[in-house]
Amino acid sequence: MTPAQEVDYVLNDCFFAVGQAVGTHKSLDFDAIQWWRARYRAFFLHAMTVTGNSWLRDRHRVTAVGRFLGQRALHYAADRPSIDLRCAALASDDVETGCRMNAEREGVAPERLSAE
Amino acid sequence: MHTHEPHHAIHSPLTDPPQAVSVGAPRNTPHADDVRELERQVEYIVDDCFFTVGQVVGMRTTVDYDAVIWWRDHYRAKFLAAMQAFGNRWTQDRSNVTSVAIMLAERAVRYSDGKPSIDCEAARKAAADVERYCELHARRAARAMGLSAPDDAPARIAGYWCNYEYPDTQGGG
C-alpha cells in the first residue's frame, strides 16, 4: 500500500480513537470531521512520505494522541451537546503544542525560535 | 453547525419512512466528476462512522488495525455504491446510519469477548449481524408501507447505506 492509500486507513483508525475518548455523551459536528480530516491527512501524508514513518510502528503512540485529542475536544465542548469546529481547532492546538514540545525534547524536531 | 441529534440518542428507529420515501429511484450512471466528488465525500462519512463506533466501544477494548482495514474496505464500497445510486443523502440519513454504527460497535465488543481487542473476525461477524438486521428491518418496513416491488426496495430503507449493491458489483460486497 502506498502512503497515499494507507493514510485513509490511518485516519479511520484515529477517528475511532478520538471517539473512544469522547464517549457517547457528546456528538461531533460534521464540519469538525471535515476539518480534522483535511488537517491530519496532510500531516500524516507528510510524515509517511517525507519522513518515512511507519503506521504499524507508530500506531500505538499516535492513537494515544488521538484519544488525547478527543479528551481536549470534550473539555472545550464543556456543556454544549456537541463538539463544534472551534472546539476541534482548540483541541488540535493543545495536542500539536504538546507533540512539538515532545519532539523537541526527543531531538527529532528543531527547537523553535522563542518569537514563534 | 449542529447537523444532527446527539449520538447518545440511540433509540431512534432504523427506518424513517418520510426520509426513506424521498430517496427515490436509483439515478443513472454518474459522471466522472460526480464520482470524484462522491469519493471525496465518502471519506468524511466513513470517518464519521469510525468516530461513532469508537464512541460506543469507548475504553472497554480497542481495535486491531486489520479490523479497521476490513471495516473501511467493506463500508466505503457500500456507501459509495449507495451514493452513486441515490446521491449524497448523508445530512438526512446521518442520524439513522450512526445508530446502526452503534449496533455494529456493540456487536463487535460482544464478539471480541475474551480477546484483547476487536479483531478482524469479530469485525466481520458484527457487520454480518448488522446487515442482516438492516435487511430484515427494511423488508418489514417496506411491507408495512405496502411497498414490495424489488426495484423500489433499496430506496425505501434507511439502512440502504449498508445494503445497497451497485448492479455490476452484486455479490461482491
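Bear in mind these aren't lab numbers, they're just calculated from the coordinates by the rules spelled out. No experiment lies behind these values; they were computed from the predicted model shown. In this analysis, Cβ positions are derived from the backbone assuming ideal geometry, glycine residues included, and neighbour counts consider all displayed protein chains.
Can you pull out every residue in the stretch B:93-121 that is surrounded by 17 or more Cβ atoms within 10 Å (Cβ to Cβ) and in contact with a Ser or Thr (Cβ under 8 Å, 6 or more places away or on another chain)?
Within the stretch B:93-121, B:Arg94, B:Ser95, B:Asn96, B:Thr98, B:Ser99, B:Ala101, B:Ile102, B:Ala105, B:Val109, B:Ser112, B:Ile118, B:Asp119 meet the criteria.
Go through the stretch A:27-38 and report how many residues are more than 7 Å from chain B (Cβ to nearest Cβ) and in contact (Cβ under 8 Å) with a residue 24 or more places away in the chain.
3
How about the stretch B:122-132: which of its residues are touching a helix residue (DSSP H, G or I) at 6+ places or on another chain (Cβ under 7 Å) and surrounded by fewer than 17 Cβ atoms within 10 Å (Cβ to Cβ)?
Selection gives B:Arg124, B:Lys125.
Give the residues of the stretch A:4-32 that are closer than 19 Å to B:Gly58 by Cβ and either within 14 Å of the chain's Cα centre (by Cα) or basic (Lys, Arg) (or both), sorted by residue number.
Within the stretch A:4-32, A:Asn12, A:Asp13, A:Cys14, A:Phe15, A:Phe16, A:Ala17, A:Val18, A:Gly19, A:Gln20, A:Ala21, A:Val22, A:Lys26 qualify.
Given the criterion in contact (Cβ under 8 Å) with a residue 24 or more places away in the chain and more than 7 Å from chain B (Cβ to nearest Cβ), identify the matching residue among A:Val22, A:Val18, A:Val7.
Answer to the check: A:Val7.
Any idea how many residues of the stretch A:31-53 are among the small types (Gly, Ala, Ser) and not in a helix (DSSP H, G or I)?
Here the count works out to 1.
Since B:Trp70 meets every condition but one in (1) touching a residue at least 60 places away in the same chain (Cβ under 8 Å); (2) more than 8 Å from chain A (Cβ to nearest Cβ), which condition does it not meet?
Every listed condition holds for B:Trp70 apart from (1).
Could you tell me whether the stretch A:39-61 includes any residue that is closer than 16 Å to B:Val57 by Cβ and facing chain B (nearest Cβ under 8 Å)?
No, because not a single residue in the stretch A:39-61 is closer than 16 Å to B:Val57 by Cβ and facing chain B (nearest Cβ under 8 Å).
Check the stretch A:101-115 and report whether any residue there is out of contact with any Gly (no Cβ under 9 Å at 6 or more places or on another chain), closer than 28 Å to B:Thr61 by Cα and within 13 Å of another protein chain (Cβ to nearest Cβ).
no
Taking the stretch B:60-119, which residues are part of a loop (DSSP other than H, G, I, E, B) and more than 18 Å from A:Gly66 (Cβ to Cβ)?
Those that are part of a loop (DSSP other than H, G, I, E, B) and more than 18 Å from A:Gly66 (Cβ to Cβ): B:Gly87, B:Asn88, B:Arg89, B:Ser112, B:Asp113, B:Gly114, B:Lys115, B:Pro116, B:Asp119.
Answer yes or no as to whether A:Asp13 is under 25 Å from B:Glu106 (Cα atoms) and part of a helix (DSSP H, G or I).
Yes.
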